[in-house]
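The values are calculated or read from the model by the stated rules, or taken from the named source; none is laboratory data. Nothing here was measured: the structure is a model prediction, and the numbers come from that model. Positions of Cβ are generated from backbone atoms using ideal geometry, with glycine treated the same way; all protein chains shown enter the neighbour counts. Heads up: the accessible areas ignore ligands, DNA and RNA and are worked out on the full protein's heavy atoms, side chains in. Shrake-Rupley method; radii C 1.70, N 1.55, O 1.52, S 1.80 Å.
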Amino acid sequence: MIRKIKFDPKKFKFKQIINHHFKKKFKVNFEKLHLNTCVKNLNLKNRFKKIERPIYKLNHDYFNVKNDQANLLTNYFYKIDPYFNMKNKILKKGKFINTYRKLIYFLENEIFKEKIIFQKRPTLRIQLHETISVGGYHRDHDYGHPKESINFWLPFCNTKKTNTLWIESKKNLNDFRPKKVKYGEILTFDSSLKHGVELNKENLTRISMDFRIIRKKDYKNYKTFSPKNKIRFNLGNYYDEF
């Protein structure tokens with residue numbers, strides 16, 4: 001199942017928080033990051049001027065899931081909130097994480113209307129012009145994510161065609177289509193659906209976050225671990241609850 005959920009950007013001010021963060025270092029709003037001279041000069045492994053398209057027809061990963069975010073720009077994005085630094089003994093939450101948790105609370109009470117288990121720290125992604133933000137098309141449970149989890153994808157700008165997420169309509173159908181998502185909408189879909197991205201040919205940098213939710217009644221004490229940081233997919237480690 002694929003659907004969109006609307007939220008109020010005036011209530012959940014992600015865009016203002018993110019723009020403030022990136023303007024401190026790069027002097028531009030995040031949607032124009034690809035035009036910044038410093039960003040242009042970064043040696044990014046996920047930047048390709050030419051790439052065989054469409055990517056979904058290739059049985060190929062352009063980089064490993066363990067290092068798909070290993071670049072200076074994404075590292076800077078994660079500095080938006082001290083809660084992302086897991087080396088800190090005192091896990092202080094900043095504006096971004098507090099806004100994220102308010103959004104989760106909204107989803108629990110207004111959308112699910114039942115208790116949920118949610119990803120403690122969302123995954124942050126940047127897709128500049130002429131880049132890809134994940135290595136290849138995949139299903140999350142291929143990397144150990146629980147099959148009971150539901151995927152949520154929230155872009156912080158309007159997306160279309162090549163700077164958005166491409167998803168198959170049903171499992172194993174491989175009929176990938178781009179999902180046009182506006183800021184103020186969250187795309188949600190079953191974790192069994194294969195998804196990925198194409199090379200961004202839009203004149204717009206797309207920044208997004210993705211996270212996973214499990215209905216509490218479906219939750220199990222999972223023993224698998226996240227591929228990058230080796231965090232166990234269970235409550236108290238990868239997942240949290242109110």
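Here the 3J(HN,Hα) profile of the stretch 109-122, calculated from phi with Karplus coefficients 6.51, -1.76 and 1.60 at θ = phi - 60°, is 8, 9, 9, 6, 6, 7, 5, 10, 10, 10, 4, 5, 10, x Hz, Gly and Pro shown as x. Among GLU198, GLU148, GLU110, the sequence by solvent-accessible area, most first, with a 1.4 Å probe is GLU110, GLU148, GLU198. The spacing between the stretch 72-110 and the stretch 169-242, judged by their C-alpha centroids, is 17 Å.
The calculated FRET efficiency for LYS4 paired with LYS57, based on their beta-carbon distance and R0 = 22 Å, is about 0.25.
Charge tally for LEU154 (other residues, Cβ to Cβ under 10 Å; Lys, Arg +1; Asp, Glu -1): -2. Average accessible surface for the stretch 64-166: 44 Å² per residue, computed with a 1.4 Å probe over protein heavy atoms with every protein chain in place. In the assembled protein chains, ILE231 presents an accessible area of approximately 40 Å² (probe radius 1.4 Å). Across the stretch 159-239, the relative contact order, built from alpha-carbon pairs under 8 Å that are at least six residues apart, equals 25 percent. Taking a point 7 Å out from the Cα of ARG215 in the direction of its Cβ, the residues of the stretch 144-176 whose backbone N falls within less than 14 Å of it are 148-151. Once semi-axes √(5λ) of the Cα gyration tensor in Å is worked out from the coordinates, which option in (i) 26, 22, 18; (ii) 40, 25, 18; (iii) 36, 19, 17 does it equal? Answer by label: (i). Using a Gaussian network model of the chain in which every pair of alpha carbons under 10 angstrom is joined by a spring, one finds that among PHE14, PHE63, PHE112 the greatest mean-square fluctuation is at PHE112.
Put one equal scatterer on each alpha carbon of the stretch 30-140, apply the Debye formula with no solvent term, and list log10 I(q)/I(0) at q = 0.21 1/Å to two decimals. Treating every Cα as an identical point scatterer, log10 I(q)/I(0) equals -1.18. Before anything else, pin down the relative contact order of the stretch 12-165: Cα pairs under 8 Å, at least 6 apart, normalised by residue count, whole percent. With pairs under 8 Å counted, the relative contact order is 29 percent.
Going by the alpha-carbon gyration tensor, a ≥ b ≥ c the square roots of its eigenvalues, is the stretch 144-242 rounded (a/c under 1.5) or, if a/c is not under 1.5, prolate (a/b greater than b/c) versus oblate?
Here the stretch 144-242 falls in the prolate category.
Of the solvent-accessible surface of the chain, computed with a 1.4 Å probe over protein heavy atoms with every protein chain present, carbon and sulfur atoms account for 48 percent. All C-alpha to C-alpha distances of the stretch 1-57, sorted into 10 Å bins beginning at zero, yield P(r) values of 17, 29, 29, 24, 0 percent in whole numbers. Each of THR224 and SER169 was given a label point 7 Å from its Cα along the Cα-to-Cβ line. The distance between the two points is 2.7 nm.
For the stretch 198-242, the Cα gyration tensor yields ellipsoid semi-axes of 30, 14, 9 Å (square root of five times each eigenvalue, largest first, whole Å). Counting only DSSP beta bridges whose two residues both lie in the chain, roughly 95 percent are antiparallel. Taking all protein chains together and rolling a 1.4 Å probe, TYR100 ends up with roughly 0 Å² accessible.
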